[in-house]
Structure formats: structure tokens, C-alpha cells
1. Over the range 6-90, what is the relative contact order in whole percent, taking alpha-carbon pairs under 8 Å and six or more residues apart?
2. Specify the angular offset, from 0 to 90 degrees and rounded to the nearest 10, of the alpha carbon long axis of helix 81-90 from the longest principal axis of the alpha carbons in the chain.
3. Short version: ³J(HN,Hα) in whole Hz for each residue of the range 91-96, in order, from phi by Karplus 6.51 cos²θ - 1.76 cosθ + 1.60 (θ = phi - 60°), x for Gly and Pro, what are they?
4. Search the structure for amide H atoms under 5 Å from the amide H of residue 19, placed 1.01 Å from N in the peptide plane, and list their residues when 5 or more places away or on another chain.
5. Over its Cα atoms, what ratio of radius of gyration to 2.2 N^0.38 Å does the chain give?
6. For the range 20-31, take each phi angle, set θ = phi - 60°, evaluate the Karplus expression 6.51 cos²θ - 1.76 cosθ + 1.60, and give the result in whole Hz per residue in order, putting x for glycine and proline.
7. Taking the highest mean first, how do the peptides 51-60, 80-89, 67-76 order by number of other beta carbon atoms within 10 angstrom per residue?
8. If r is the Cβ-Cβ distance from residue 22 to residue 96 and R0 is 41 Å, what FRET efficiency results, to the nearest 0.05?
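Every read-out reported here was derived from the displayed coordinates using simple, explicitly stated rules and does not represent laboratory data. Quick caveat, the model's predicted, so the values are computed rather than measured. For neighbour counting, all protein chains shown are included, and Cβ atoms are generated from backbone atoms with ideal geometry for every residue, glycine included.
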Amino acid sequence: MNNGDATVFIAYSDKEPVGFVLNYHTFSSVSLARVIVLNDLFICASHRQQGIANTLIGNVIELAKCTNSARIDLGTAIDNYTAQALYEKIGFIKDTEYFSYSLSVT
């Protein structure tokens, strides 16, 4: 994207891409602050459990700090316990105050 709406970090192994994290930049009118939305995180199965996701998320944290963002938001499947454990280990806190809703328009 050319207008700064998103930032992608890509992880490589031997010059081959093995993972990425896609982040959208937004603004919270409630917080009156910038927010980074960690929208997609993917690591090739052959490269999981090697710290790549942790490194990519570390890049997102640095991005949030450099852009003076108030926080990083993300969502994951209810049964994705591996991802939840990683996020909580890094310091993300599971939201217990709000529900998430979605409306398909296609």
C-alpha cells in the first residue's frame, strides 16, 4: 500500500520467505490515539517453533512505538491455543470486556 495504511514484515530463511505479519494502521476515537492492528501472522509449518513469530511480533511492537501508537490489537481463533499462548507470553491481554462482531457483505 502506498499511503501508509499497512506495514508488512517478512521473515526469510536462506533468501526464501518463511513467514510474514501484516499490520494495519488506524486511529481510535475512543483512545484518541493511533492503533496498530496485527491482522495476519503466518509462519510456514516447516519453520514454526523457531522463534520467527516472536521476532515478527517484536518488529510490530517496535513499529507501534515508533509511530506513537497507543496499543496493538489482534484477534485469533478461540481454539488456537498455540497462538494464544505466544501472545500472552509476549504480554498481550485477552479482552474480557468486549465481544467481536462481523458482517459479511458478499
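1. On the way: 120 pairs, mean separation 21.6, N = 85.
This gives 25 percent for the range 6-90.
2. Between helix and principal axis, roughly 80 degrees.
3. Coupling constants for the range 91-96: x, 5, 10, 5, 6, 10 Hz.
4. Those lying under 5 Å, H to H, from residue 19 are 11, 44.
5. Details: Rg = 14.6 Å, N = 106, 2.2 N^0.38 = 12.9 Å.
Working it through for the chain, the quotient is 1.13.
6. 7, 9, 10, 10, 9, 9, 9, 10, 9, 6, 6, 7
7. Values: 51-60: 17.1, 80-89: 13.1, 67-76: 15.4.
Packing proxy ranking, top to bottom: 51-60, 67-76, 80-89.
8. On the way: r = 26 Å, r/R0 = 0.63.
Step by step, r from the Cβ atoms, then E = 0.95.
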